[in-house]
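Please read the structure below before turning to the comments.
The values are calculated or read from the model by the stated rules, or taken from the named source; none is laboratory data. Every value quoted in this text rests on a predicted model; they were computed, and no experiment measured them. In this analysis, Cβ positions are derived from the backbone assuming ideal geometry, glycine residues included, and neighbour counts consider all displayed protein chains. All accessible areas refer to the heavy atoms of the entire protein, side chains included, with ligands and DNA or RNA removed. Shrake-Rupley method; radii C 1.70, N 1.55, O 1.52, S 1.80 Å.
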Amino acid sequence: MDDRQRRSRTASDRSGSKEHPDRQRTHRSETARGQDIRGQGSRQQGAKSQSGRSQASRNPNRRPANRRPAARRPQTKRRRRRNLGIRICLTVILIIAAIAAVFLWKRYSPSKEKANLDKYYGIEQEGQLAIVVNNEVVEPKGMIADGKAYIQYEIVRDYINSRFYWDPNENILLYTLPKDMVSVEVGSKDYTVSKDKNSEDYVILKTEGSTAYIALDFVQQYTNIDYEVYDNPERVVIVGDWGEHTVAEVKKDTQVRYQGGVKSPILTEIKKGEEVTVIENEENWKKVRTKNGFIGYIKNSALKDAEKKNVTRKFEEQEFTNISKDYTINMAWHNVTNSDANSGVLQKIAESKGLTTIAPTWFHVKDTDGNMDSIASTDYVNYAHQANIEVWATIRDFDGGINSYDESYALLSYTSKRETLINQLVAEALQSNIDGINVDFEKISEECGEHYIQFIRELSVRCRQNGLVLSVDNYVPKGFNMQYDRKEQGIVADYVVIMGYDEHYAGSPEAGSVASYDFVKEGITETLKEVPADKVISGIPFFTRLWEQTPKTEEELASQKGTEEGEYAMKVESKAYGMTEAKEVVSQAGAEITWDDTAKQNYARWESGGVTYEIWLEDEKSLEMKLELMKQNKLAGTAAWALGLEDPNVWQLILKYVN
């Protein structure tokens, strides 16, 4: 082919490119479609890349446009995977945050749950009246009858006024005043004060079976209380704890909750400006009492600063007056077992020094009907008075006539039987011209406690009416003898006597002191928690016990297994001795006397014939330490059991402490 033809062909080819643009566009569009197919799913590439592809397709002299995205494919995949991971992480975080928010809301958001108020107040059946006394929700043992609130006797006795007394045996309600007795019969609007008849416009006392209900209006006549009745549920709020209280004003509408915590059920809503009584402080909450009888918790932030407030009510309390001697009492019991023994009083008085009071054991309860035996002697009283000594005759529920817990209960649980005994006792006292009555009842069970203290109240009224001194003997306070109610004795009686002996008694399963120093001290300390010092007389012993101990046989231990006696390996017996006799027993045995610094007594121990003997002596040294306790505590005086058992030298010691 010649040169002209080659040039012509080349030119023709070049001119052909220009002359067929449709073919070129077709080629470009096919190329673009190929790129679009390969780039499917990556539509979010930058505008710059799109511009570059357009320019390449328009410019035939540049590199084909489909080669550049091919180099970016690995980066695009990585970016997609990274974006997907970020979205998953964000989703998980949002889910966790939502769960946490729900958990925190459920845990810390205030609950709107309402408390079951019937359950809160203890209401189990229709007609029950819920009762709130001061800061305590008590058993709902009340009712509304004829528009009046009635409270069960046991609630009145235990929470409102213990001086009310209900006798279910004779269906009579009693209340003790300083010089009178108030009595009400079941179903009556009338009541008597001593023998004077009075009336109310409502039934005072109702019963359902053996259960007694007292009208709260009648209780209020003799008790310094205010009360209000509320509905939904029906409840009575009784307030009697007058004096200084901590109160706080509610500074915004809020709730009183059952316990301190926002999840605790709501007892009631309370409005801004209301006042509550603060009972206790907790970290972020206060336990409060509302005016309408809800006791629960309010957040500190909902209350203004607490302040002290003196809350009082005008009420004239009747005072129990007492006979109080203006000298330190030096009393001794005279254990008189028969009428002939009364003649020995002159000798007993002559042998003593500084004696102010003598208590002969003249009266014994004969039977459970309230009859009594007496060996009182007018001559005895005259001899004592001539020596300037008062006579406080003792009445006992043992050692003659009745002599058991059951018999004392059978006597004291009937109003008519108590009245019989008191009438006979006061009549005998007036006839023999004695100065006082000393009660020594040692057979009082827990069940008998409320009847016993009612007997002391009733006797105190009669003694007060007749100018007789009333003293009451008591054990050293222990958990098992709290039924004697020393606190009430300290109000209605003139003197409360501690029998600071018999720490180890006649039937004790182990040997020990009759009256160790700590035992006497405990008696004084515990009694003073309930009775004023100027009414307390500390009893001391003029006697001791010689203990005889022998090892128990295998048969004895086997027979006593599981009993209190079985806990002791020694068989123990004892015999009481007066102070002088006890020293003679030790001297005859040739035993060495040593000082027991724990008991604060002289002590001796010896063996003879397979028997171990132990004795803790009462002497001037041991008694002085007990008398010092009396002086330190500024007590009303001392009393000793019993005349005739003392060492004559002890009177000079006692005189030192009672003068």
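Partner lysines whose Cα lies under 28 Å from the Cα of residue 189, excluding those fewer than 8 positions away in the same chain, are identified as 141, 148, 179, 197, 206, 314, 417.
Near residue 252, which lysines are there with a Cα under 19 Å away, not counting those fewer than 8 places off in the same chain? Residue 252 reaches 112, 271, 272, 286, 287, 291, 299, 304.
Three principal axis extents of the range 560-659 based on alpha-carbon atoms, in descending order, are 51, 35, 26 Å. About its Cα centre, the dipole of the range 575-659 is roughly 380 debye, where the only charges are +1 on Lys and Arg Cβ and -1 on Asp and Glu Cβ. Kirkwood hydrodynamic radius computed over the range 121-177 comes to 12.5 Å, based on all pairs of distinct alpha carbons.
Translational diffusion coefficient of the range 209-363 (Stokes-Einstein, Kirkwood radius from Cα pairs, 20 °C, 1.002 mPa s): 101 µm²/s.
Between residue 593 and residue 367, how high is the FRET efficiency from 1/(1 + (r/R0)^6) when r is the Cβ-Cβ distance and R₀ = 41 Å? Nearest 0.05. So, using R0 = 41 Å, E works out to roughly 0.30. Between residue 190 and residue 221, the simple label model (points 7 Å from Cα in the Cβ direction) yields a spacing of 1.4 nm. Shown in residue order for the range 418-429 are the 3J(HN,Hα) couplings computed by the Karplus curve 6.51 cos²θ - 1.76 cosθ + 1.60 at θ = phi - 60°: 4, 4, 4, 4, 5, 4, 5, 5, 5, 4, 5, 5 Hz (x for Gly and Pro).
According to the calculation over all Cα-Cα pairs in the range 425-543, the P(r) per 10 Å bin from zero is 13, 42, 32, 12, 1 %. Under 5 Å from the amide H of residue 245 lie the amide H atoms of 309, 310, 311, each residue being 5 or more positions distant or on a separate chain, with H modelled from the backbone and absent for Pro and chain starts. Percentage of Cα-Cα pair distances in the range 501-552 greater than 16 Å, rounded to whole percent? The answer is 50 percent, as a whole percent. Close amide H partners of residue 404, meaning residues 5 or more places away or on another chain with modelled amide H under 5 Å apart, do not exist here. The Kirkwood hydrodynamic radius of the chain, based on inverse pair distances between different Cα atoms, is 33.2 Å. Subtracting the Cα-Cα distance of residue 199 and residue 94 from their residue separation scaled by 0.36 nm leaves 30.0 nm.
Across the range 246-317, Cα-Cα pairs more than 21 Å apart make up 21 percent of the total.
Over the chain, DSSP H runs of length four or greater, each weighted -39,500 (n - 2.57), average out per residue to a 222 nm ellipticity of -10500 deg cm²/dmol. For the range 181-270, GluC sites (Glu not before Pro) meeting the loop criterion (DSSP other than H, G, I, E, B) and having at most 16 other Cβ atoms within 10 Å: 200.
Within a straight-line Cα-Cα reach of under 13 Å, residue 366 can be paired with the following aspartates and glutamates, leaving aside sequence neighbours fewer than 8 residues apart in one chain: 397, 399, 407.
Here the accessible area is traced with a 1.4 Å probe on the protein chains. For the range 383-463, carbon and sulfur cover 39 percent of it. For residue 303, the residues 5 or more places off, or on other chains, whose built amide H falls under 5 Å of its own are 251. Rounded to the nearest 20, the size of the Cβ-charge dipole of the chain about its Cα centre is 13520 debye, with Lys and Arg at +1 and Asp and Glu at -1. Our note on the geometry: Cα centres of the range 615-648 and the range 198-269, 51 Å apart.
The trypsin sites (Lys or Arg not before Pro) of the range 389-491 that DSSP puts in a loop, and whose beta carbon has at most 14 other beta carbons within 10 Å, are 478.
Dipole size of the range 292-389 about its Cα centre, with +1 on Lys/Arg Cβ and -1 on Asp/Glu Cβ: approximately 780 debye, rounded to the nearest 20. Annotation note: GluC sites (Glu not before Pro) in the range 273-371 located in DSSP loop regions with a Cβ neighbour count of at most 11 within 10 Å are 283, 316, 317, 319. Ranking 637, 91, 273 by Cα position along the charge dipole of the chain, where only Lys, Arg, Asp and Glu carry charges on their C-beta atoms, puts 91 farthest toward the positive end.
Considering only 570, 311, 120, the residue lying farthest towards the positive end of the dipole of the chain is 120, judged by Cα position with unit charges set on Cβ. Placing unit charges on the Cβ atoms of the charged side chains and taking the dipole of the range 422-511 about its Cα centre, the candidate lying farthest along the positive direction among 427, 476, 508 is 427.
With N as its number of residues, the range 326-395 has a Cα radius of gyration that, divided by 2.2 N^0.38 Å, comes to 1.15. Using just the C-alpha positions of the range 107-230 as equal point scatterers, what log10 of I(q)/I(0) does the Debye formula give at each q in 0.12 1/Å? One equal scatterer on each Cα of the range 107-230 leads to -0.49. Heavy-atom accessible surface of residue 194, to the nearest 10 Å², is about 60 Å², with a 1.4 Å probe and all protein chains retained. Our coupling estimate for the range 147-153, obtained by passing each phi through the Karplus curve with A = 6.51, B = -1.76, C = 1.60 and θ = phi - 60°, is x, 10, 8, 10, 10, 4, 3 Hz, Gly and Pro reported as x.
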